[in-house]
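Asker: Could you have a look at this structure, given as structure tokens, before my questions?
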Amino acid sequence: GPSGGSGGGGARDLAERTAKAFEHGSTSEINEISCSASVGTELSGPLTKLPPGSRVSVSVKDVQESGSTAQALMSMTISGRSADFSLRMRKSSGWCVSGVAKA
């Protein structure tokens with residue numbers, strides 16, 4: 001953006017990547033962005049329970065960075081029903097998803 005910044009690799013980028021991974025229903029993409037295998041399982045768990053042909057849409061509503069941790073408010077719509085959830089992220093070498101919580 002015009003205000004400079006890190007030029008990618010930030011918490012918002014990770015939140016956007018997570019949204020795309022959910023929309024693709026891709027467990028491999030989700031595992032890639034997760035801090036650990038158990039987080040990957042936790043994140044992709046709900047996706048594996050969806051009825052086939054479910055349409056998933058995810059948007060990033062807000063991202064708050066605080067040092068080496070961040071939280072994103074996400075909105076997920078599945079076949080017309082939407083719910084918000086909170087995505088927890090942390091920075092080690094790069095940003096990774098450390099967990100999810102109810103918004």
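The values are calculated or read from the model by the stated rules, or taken from the named source; none is laboratory data. Predicted, not measured: the structure shown is a model, and the values here were computed from it. As a convention, Cβ positions derive from the backbone with ideal geometry for all residues, glycine included, and neighbour counts pool all protein chains shown. Ligands, DNA and RNA are stripped out before the accessible areas are found, and what is left, the full protein with its side chains, is counted by its heavy atoms. Shrake-Rupley method; radii C 1.70, N 1.55, O 1.52, S 1.80 Å.
Asker: Need one number: the % of Cα-Cα pairs in the chain sitting beyond the 21 Å mark.
Answerer: When all Cα pairs of the chain are counted, 29 percent exceed 21 Å.
Asker: Within 10 Å, count the other beta carbons around each residue, average over each peptide in 58-64, 80-86, and list them highest first.
Answerer: By packing density, highest mean first, the sequence is 58-64, 80-86.
Asker: Under the definition of Cα pairs under 8 Å and six or more residues apart, what whole-number percent is the relative contact order of the chain?
Answerer: Answer for the chain is 25 percent.
Asker: Using just the alpha carbons, could you tell me how many Å³ per residue the convex hull of region 48-103 encloses?
Answerer: Looking at region 48-103, the number lands at 94 Å³ per residue.
Asker: Could you please state how large a percent of the accessible area of the chain is carbon and sulfur, counting protein chains only and using a 1.4 Å probe?
Answerer: 48
Asker: Further question: Sorted by packing (mean other beta-carbon atoms within 10 Å per residue), highest first, where do 42-52, 90-100 land?
Answerer: Highest to lowest by the protection proxy: 90-100, 42-52.
Asker: Under a straight-distance cross-link criterion of Cα-Cα below 22 Å, which lysines are reachable from Lys91, leaving out those fewer than 8 residues away in the same chain?
Answerer: Within reach: Lys20, Lys61, Lys102.
Asker: Taking the solvent-accessible surface of protein heavy atoms with a 1.4 Å probe, what is the per residue accessible area of the chain in Å²?
Answerer: 60
Asker: Next question. Once phi is turned into ³J(HN,Hα) by the Karplus curve 6.51 cos²θ - 1.76 cosθ + 1.60 with θ = phi - 60°, what whole-Hz value does each residue of region 79-85 show in order, with x for glycine and proline?
Answerer: 6, x, 9, 10, 8, 9, 9
Asker: Where a Cα-Cα gap under 19 Å defines reach, which aspartates and glutamates qualify for Lys49, not counting those fewer than 8 residues away within the same chain?
Answerer: Cross-link targets: Glu23, Glu29, Asp84.
Asker: Across 5 Å bins from the origin, how do the percents of Cα pairs in region 21-60 run, short distances first?
Answerer: It works out to 6, 26, 32, 24, 11, 2, in whole percents.
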